[in-house]
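What follows is a set of notes on a single structure, which appears directly below.
The values are calculated or read from the model by the stated rules, or taken from the named source; none is laboratory data. In this text, all values refer to a predicted model and were calculated from it rather than measured experimentally. Cβ: placed from backbone, ideal geometry, glycine included. Neighbour counts: every protein chain shown. For accessibility, only protein heavy atoms count, side chains too; no ligands or nucleic acids. Shrake-Rupley method; radii C 1.70, N 1.55, O 1.52, S 1.80 Å.
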Amino acid sequence: MTLPSLLLVPGAWHKPEHLQLLIDCLPGIDVHTVALTTCGDDPKVLGDMYSDAAAIKSAVEAIDGPVVVIAHSYGGIPTTQALVETSNVKSIVYLAAFQLDAGESLLSSVGGNPAPWWNFHRQEGFGDFLTVAGPVDVFYGDVDRGVAEKAAAALGCQSYIAKTQKLTAAAWRTIPSTYIICEADKAIPPFAQELFARRANRTLRMESSHSPFLSQPSALAQLIKHELTLA
């Protein structure tokens, strides 16, 4: 059986390189990644949530044939926005992600309160941006220490405005979705993930931190392969 292609969408502050251990566990799968415009090393050129959505849509449209999209954390928001008018997406997998509805933003979904580990930076003439306080603890609690420190060092700056921008559409209303809850997550509390998961068609669980693509890449790859067979 020919499996669909796979598009991996990273979360806030993260880059495609953070997903390499997972990609290495998916031999024989046609895997694609996308770099989000809201994350980068130069805070003066960061995009917003809608430009992230445009990048994801372009990445999907560049794939010839059916595709399953795996979105992590913040990446679930622009993915939800991007895929409404695509024709080749067979399913969306939300990995400890924000599965929001039209009219919602990341900040509105958490009651309007920034996370205590967000470091806010104001820059005159450019958009404000965020860095992370204690990323090894917040994102990588069950990741090998050396791997976690390398991942933390590779994190980029994150556009602040992307946290406030509202969805205008929700692709999961017309595309089947699966939600993977990370039950030892310190970035998005599991109780919040449970609420998001109510919008998905199926719910799976991992006993992992926010980043199973680093702590349990093989186990996550097995879940993803099963999702590809169902698409």
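Evaluating Ile23 against the criteria (1) out of contact with any Leu (no Cβ under 9 Å at 6 or more places or on another chain); (2) not in a loop (DSSP other than H, G, I, E, B) leaves one unmet condition, (1). Being open to solvent by less than 40 Å² (accessible area, probe 1.4 Å), closer than 21 Å to Phe196 by Cα, touching a residue at least 12 places away in the same chain (Cβ under 8 Å) and touching a Ser or Thr at 6+ places or on another chain (Cβ under 9 Å) is true for just one of Val69, Val60, Val84. Which residue is that? Answer to the check: Val69.
Within region 1-38, restricting attention to residues that are open to solvent by 20 Å² or more (accessible area, probe 1.4 Å) and under 16 Å from Thr131 (Cα atoms), which residue is nearest to the chain's Cα centre (by Cα)?
Per the criteria, the residue is Lys15.
Count of region 102-150 residues, restricted to those that are part of a helix (DSSP H, G or I) and either over 27 Å from Gln81 (Cα atoms) or not aliphatic (A, V, I, L, M) (or both), is 12.
Restricting attention to region 195-226, the residues that are within 16 Å of Gly28 (Cα to Cα) and open to solvent by 10 Å² or more (accessible area, probe 1.4 Å) add up to 6. The residue that is most open to solvent (accessible area, probe 1.4 Å), counting only those in region 184-194 that are part of a helix (DSSP H, G or I) and of a type outside the set (D, E, K, R), is Phe191.
Among the listed residues Tyr74, Tyr50, identify the single one that is at negative phi, crowded, with 24+ Cβ neighbours inside 10 Å and in a helix (DSSP H, G or I). Before the answer, list the steps.
Values: Tyr50 fails: crowded, with 24+ Cβ neighbours inside 10 Å.
Every option except Tyr74 fails the conditions.
Here is a check on your reading of the model: is Ile92 within 16 Å of Ile70 (Cα to Cα) and part of a loop (DSSP other than H, G, I, E, B)?
On the way: within 16 Å of Ile70 (Cα to Cα): yes; part of a loop (DSSP other than H, G, I, E, B): no.
No, not satisfied.
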